[in-house]
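Quick notes on the structure that follows.
FYI, it's all coordinate maths here, none of it is from the lab. If you're wondering where the values come from, they're calculated on a predicted model, not measured in any experiment. In this analysis, Cβ positions are derived from the backbone assuming ideal geometry, glycine residues included, and neighbour counts consider all displayed protein chains.
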Amino acid sequence: MRKYYILTIFTIILMLLNPIAVVAKETGPRLYLSSDEYHFQELFPRQENVVLIPLTNQGTASLEIKDLTTTCQCIKVAMDEKIRILSGETYWLEVRLVTKDETSFIKGYLLLATNELTTPLRRIKISGRIKNQKKPHSKIKTF
């Protein structure tokens with residue numbers, strides 16, 4: 001019987017806190033990413049490739065990108081100071097993928113730290129396939 005009362009009280013507390021969670025989701029900054037994965041189809045060794053990633057604030061308050069880090073030295077992002085995106089606006093983040101050697105596939109992540117309430121850390125995958133520049137050997141037919 002005692003477990004029943006504890007469970008009932010716990011359920012009532014959760015029901016009372018639920019509107020607070022709903023209000024937190026509806027107000028404040030909210031980052032929208034059109035994609036969380038960008039793939040370069042054809043890259044060449046020792047080449048710099050650029051992609052513009054739209055960061056849209058669909059929330060009701062200013063969104064701040066506090067920090068940008070990458071998991072690969074091949075991904076370069078210039079960020080001098082915090083990026084502030086007003087409600088309803090889009091910021092185009094310029095990301096460079098630099099290929100240095102002749103590996104066949106390259107993959108890394110761009111990590112964003114924001115002031116968003118629900119998901120303050122976001123991860124964007126950036127990858128590409130490096131095309132071999134060597135010319136194929138000509139095939140000689142013998143008769």
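Each residue of segment 70-79 was assigned a 3J(HN,Hα) from its phi angle through the Karplus curve 6.51 cos²θ - 1.76 cosθ + 1.60 (θ = phi - 60°); the sequence is 10, 9, 9, 5, 7, 9, 10, 9, 8, 9 Hz, with glycine and proline shown as x.
Report the net charge of residues surrounding Leu110, where surrounding means a beta-carbon distance below 13 angstrom and charges are Lys +1, Arg +1, Asp -1, Glu -1. Mind dumping the intermediate values first?
Working: positive: Lys76, Arg96, Lys107, Arg122, Arg123, Lys125; negative: Asp36, Glu37, Asp67, Glu94.
Once positives and negatives cancel, what remains is +2.
With only Cα atoms counted, segment 26-130 has Rg and Dmax values of 14.6, 47 Å.
Per-residue Cβ neighbour counts within 10 Å put Val95, Val51 in the sequence Val51, Val95, beginning with the fewest. Within the same chain, aspartates and glutamates fewer than 8 places from Lys107 are excluded, and of the rest, those with a Cα less than 15 Å from its Cα are Asp36, Glu37, Glu42, Glu48.
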